[in-house]
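Novice: Next up is a structure, given as structure tokens.
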Amino acid sequence: MDKNSPAAELEHFLNFVDACSQEYRFAYDKVNEEDRKVQDFLHAMEFAKDQAERNRVATKLQKSRRSRRENKDLVKRDEKVVQFFTEEKNRGFLNRMRQLLGQQRKEEEYLSGERIYNPRVKEP
């Protein structure tokens, strides 16, 4: 398949949509995980034996918050694309695009393959 062919371009677009969806779900789950960790850190700080232990926990909390921010930014970046293609009318469009990709691949395989001509009229 030629990298500039219609099938390649369709595939590129569909891969983009799938990648956005996967990245969104992963980042969304990570944000929720980091949110749940906050209570653990707060309790660890509350019951820390000394300042050094409290500082270690505070450093973990800071890293957790930074990770949460990075993942939240990914969620916000991909959110509109994911929401658009989860709407029912647009899911149908996406499915039709996948069907079109299959049809386009078949057509391109035929056009680039070995073709023969079968005469329509047989000569005596």
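The values are calculated or read from the model by the stated rules, or taken from the named source; none is laboratory data. Nothing here was measured: the structure is a model prediction, and the numbers come from that model. With ideal geometry, Cβ positions are generated from the backbone for all residues, glycine too; neighbour counts draw on all protein chains shown. The accessibility values were calculated without ligands, DNA or RNA, using every heavy atom of the protein model including side chains. Shrake-Rupley method; radii C 1.70, N 1.55, O 1.52, S 1.80 Å.
Novice: I want to confirm something. Restricting to segment 74-96 and keeping residues that are open to solvent by 90 Å² or more (accessible area, probe 1.4 Å) and touching a helix residue (DSSP H, G or I) at 6+ places or on another chain (Cβ under 7 Å), which single residue is nearest to Cys20 (Cα to Cα)?
Specialist: Restricting to residues being open to solvent by 90 Å² or more (accessible area, probe 1.4 Å) and touching a helix residue (DSSP H, G or I) at 6+ places or on another chain (Cβ under 7 Å), the top hit is Phe84.
Novice: While we're here: Loosely packed, with under 13 Cβ neighbours inside 10 Å, over 20 Å from the mean Cα position of the chain (by Cα) and either of a type in the set (D, E, K, R) or outside any helix (DSSP H, G or I) (or both): which single residue out of Arg65, Arg120, Arg54 fits that description? Full working, then the answer.
Specialist: Values: Arg65 fails: loosely packed, with under 13 Cβ neighbours inside 10 Å; Arg54 fails: loosely packed, with under 13 Cβ neighbours inside 10 Å.
None of the others qualify; the one that does is Arg120.
Novice: Now for a different question. Out of segment 1-42, which residues are assigned to a helix (DSSP H, G or I) and among the basic types (Lys, Arg)?
Specialist: Once the filter is applied, which keeps residues that are assigned to a helix (DSSP H, G or I) and among the basic types (Lys, Arg), segment 1-42 yields Arg25, Lys30, Arg36, Lys37.
Novice: Then there is this: Applying the selection to segment 25-51, what residues are within 24 Å of Val82 (Cα to Cα), basic (Lys, Arg) and open to solvent by 100 Å² or more (accessible area, probe 1.4 Å)?
Specialist: If the condition is that a residue be within 24 Å of Val82 (Cα to Cα), basic (Lys, Arg) and open to solvent by 100 Å² or more (accessible area, probe 1.4 Å), then Arg25 is the only one that fits.
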